[in-house]
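Each value in this text was obtained by applying a stated rule to the coordinates, not by laboratory testing. Computed from a predicted structure; not experimentally measured. Cβ sites come from the backbone with ideal geometry, for glycine too, and all protein chains shown count toward neighbours.
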Amino acid sequence: MPSIKINGTSTIQSNPSNTILETMEKAGIEPEYNCRDGHCGACRCKLISGEVEYVGFAMAYTQADEILPCISKAKSDVQLEDVNYAIKEKRA
Ligand code: FES
């Protein structure tokens, strides 16, 4: 499974049946999102290396080096930057 490196710090394993946004959530990361459908651009981040596959139609504006994790899956090891996220607080 391809790995997803986020902001140069955390690395998680991609899950082929989930989008990158869902994969991050399953790994305990809470990325910013709103529509989860490629419309709002809230999840927008930079793709530094690797390839992603869009599984939805990107309506939100993105620069050439940006992707929308809510509608994309990792095709190879990918490196993402400028991901706005919080780490889920672990509760006892
Ligand atoms: S959450 Fe709206 S474009 Fe990704």
Selection within segment 20-55 - closer than 17 Å to residue 76 by Cβ and assigned to a loop (DSSP other than H, G, I, E, B): 50, 51, 55
Of all residues making up segment 56-68, the number that are in a loop (DSSP other than H, G, I, E, B) and within 21 Å of residue 17 (Cβ to Cβ): 4
Segment 30-53: number of residues that are of a type in the set (A, V, I, L, M, F, W, C), over 10 Å from the mean Cα position of the chain (by Cα) and buried (at least 17 other Cβ atoms within 10 Å of the Cβ): 0
Of residues in segment 1-19 being in contact with a Lys or Arg (Cβ under 8 Å, 6 or more places away or on another chain) and in a loop (DSSP other than H, G, I, E, B), the one surrounded by the fewest Cβ atoms within 10 Å (Cβ to Cβ): 16
Residue match in segment 69-80 (condition: outside any loop (DSSP other than H, G, I, E, B), surrounded by fewer than 19 Cβ atoms within 10 Å (Cβ to Cβ) and either on the phi < 0 side of the Ramachandran plot or among the charged types (D, E, K, R) (or both)): yes
Test for residue 12: is it β-branched (Val, Ile, Thr) and within 12 Å of the chain's Cα centre (by Cα): yes
Among (1) touching a Lys or Arg at 6+ places or on another chain (Cβ under 7 Å); (2) touching a residue at least 40 places away in the same chain (Cβ under 8 Å), the one test that residue 65 misses: (2)
Matching residues in segment 31-88 - criterion: being within 14 Å of the ligand (Cβ to nearest atom) and small (Gly, Ala, Ser): 38, 41, 42, 56, 58, 60, 72
